[in-house]
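Here the structure comes first, spelled out in structure tokens, and everything after it is commentary.
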Amino acid sequence: METFLIQTKRLNLRPFTVSDAADYFEMVSDNQIKTYINNCPHFWFFHKTVKKIKDYSTCNFKDNFYLVIENRSTQQLIGALLVEKSFDNNFFNVTMMIHKDHRKNGYMSESLQAFINFLPSKSRLYFIVFRSNHASVRTIRKIPGIQKEYSLLRGLDEMESFYLFTYLKP
């Protein structure tokens, strides 16, 4: 497996390893994360999380990027950035999550910017975000060049309404 690492002053973005399973499971067991990423069965049972981590750890870093966000000084898993190429290869869909104990420290903004800097030109990212997920909306809006394309409203319920944000790297 090829070595892959993106570094910032405070963070490492690196591939998953099986040893990340317990920390990842703890993070995704948080109710706020479950609220917004509720269709992932590997969040429900530890053994399914281990299987998913094994899948993540074998990605090719061309079509998909499953990255741990790790504090450089403590080497602790504090979040994840899951970036998957679309079925038609026209864009990458981004899922981001941060451990509840590490929110509001700018880690996700720092991670997203570092990942964007890594991407080749003409890369397109899509972020589909629940309107009620105010923290993710704020984080995405901090990144220069990310545009809100549209809102998909389904009644008055913010849990059924989404924003679509896009980024096209020059």
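Express in nm, to one decimal, how much length is gained between L119 and T3 on full extension, taking 0.36 nm for each residue of separation and deducting their alpha carbon distance.
In short, 40.1 nm is gained.
In the structure shown, do any of K9/K100; K100/K122; K9/K148 have a Cα-Cα gap over 30 Å, and if so which?
K100/K122
At what distance in nm do the modelled label points of A135 and R72 sit from each other, each positioned 7 Å from its Cα along Cα→Cβ?
For A135 paired with R72, the spin-label model returns 2.4 nm.
From the Cα gyration tensor of the range 81-132, with a ≥ b ≥ c the square roots of its eigenvalues, which class applies: rounded if a/c is under 1.5, or else prolate if a/b is larger than b/c, or else oblate?
Verdict is oblate for the range 81-132.
Rounded to whole Hz and in sequence order, give me ³J(HN,Hα) for the range 107-115 from the Karplus expression 6.51 cos²θ - 1.76 cosθ + 1.60, θ = phi - 60°, writing x for Gly and Pro.
Once rounded to whole Hz, the list reads 5, 5, 4, 4, 5, 4, 5, 5, 5.
Tell me, what is the FRET efficiency for K100 and Q147 to the nearest 0.05, using R0 = 25 angstrom and their Cβ-Cβ distance as r?
Efficiency at R0 = 25 Å is approximately 0.30.
Since every read-out is calculated from the coordinates, none of them should be taken as a lab result. Note that the structure is a prediction, hence the values are computed from the model and not measured. Backbone-built Cβ (ideal geometry, glycine too); neighbour counts: all protein chains shown.
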